[in-house]
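Student: Please find one structure pasted underneath; my questions will follow.
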Amino acid sequence: MTFSITSAAANLYKDIKLDAKEGLRLFVKYAGSGDSGGFSLGVTPAVPEENDYIQEVDGLRFFVRSEEKWFVENMELDYDEQTDYFSCHIPGIA
């Protein structure tokens, strides 16, 4: 199980207030309905559980619940500060 979050992308989340035990949970969101719906990535503060996959990037803990690992497998999050462009490549929904 792997996903990649660059330091520049992680830095976008540094202002979120987290308790000592919390990290940033990455999760599957479904938006829309019918043909116009689709999956997207959600991020929320939460406390990791025993079976969660946790990855630390620049002091921030990002984690995924075991039942949602399929969604972020090989995901790449990046941010280009010069162009102010945030990219999220999720092969699981390509």
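Student: Show me 48-59, 4-15 ranked by packing, highest mean number of other Cβ atoms within 10 Å first.
Tutor: 4-15, 48-59
Student: Okay, moving on. Would you mind calculating the relative contact order of the chain from Cα pairs under 8 angstrom and at least 6 residues apart, reporting the percent as a whole number?
Tutor: The value is 33 percent.
Student: Right, next: In Å², and per residue, what accessible area does the chain have when probed at 1.4 Å with the other protein chains present?
Tutor: Spelled out: the 1.4 Å probe surface of the chain, per residue, equals 63 Å².
Student: Starting from the Cα of residue 56, step 7 Å along the direction of its Cβ; do the same at residue 17; then give the gap between the two resulting points in nm.
Tutor: 2.4 nm
Student: Here is a follow-up. Let me check the size of the chain from its C-alpha atoms; what are the radius of gyration and Dmax in Å?
Tutor: Final numbers for Rg and Dmax: 13.5, 41 Å.
Student: How big, on average over all directions, is the shadow cast by the Cα convex hull of the range 53-94, in nm²?
Tutor: That works out to 3.6 nm².
The values are calculated or read from the model by the stated rules, or taken from the named source; none is laboratory data. For clarity, every value in this text was computed on a predicted model and none was experimentally measured. All Cβ positions, glycine included, derive from the backbone under ideal geometry; neighbour counts span all protein chains shown. What goes into the accessible areas is simple: the full protein's heavy atoms, side chains included, and nothing from ligands, DNA or RNA. Shrake-Rupley method; radii C 1.70, N 1.55, O 1.52, S 1.80 Å.
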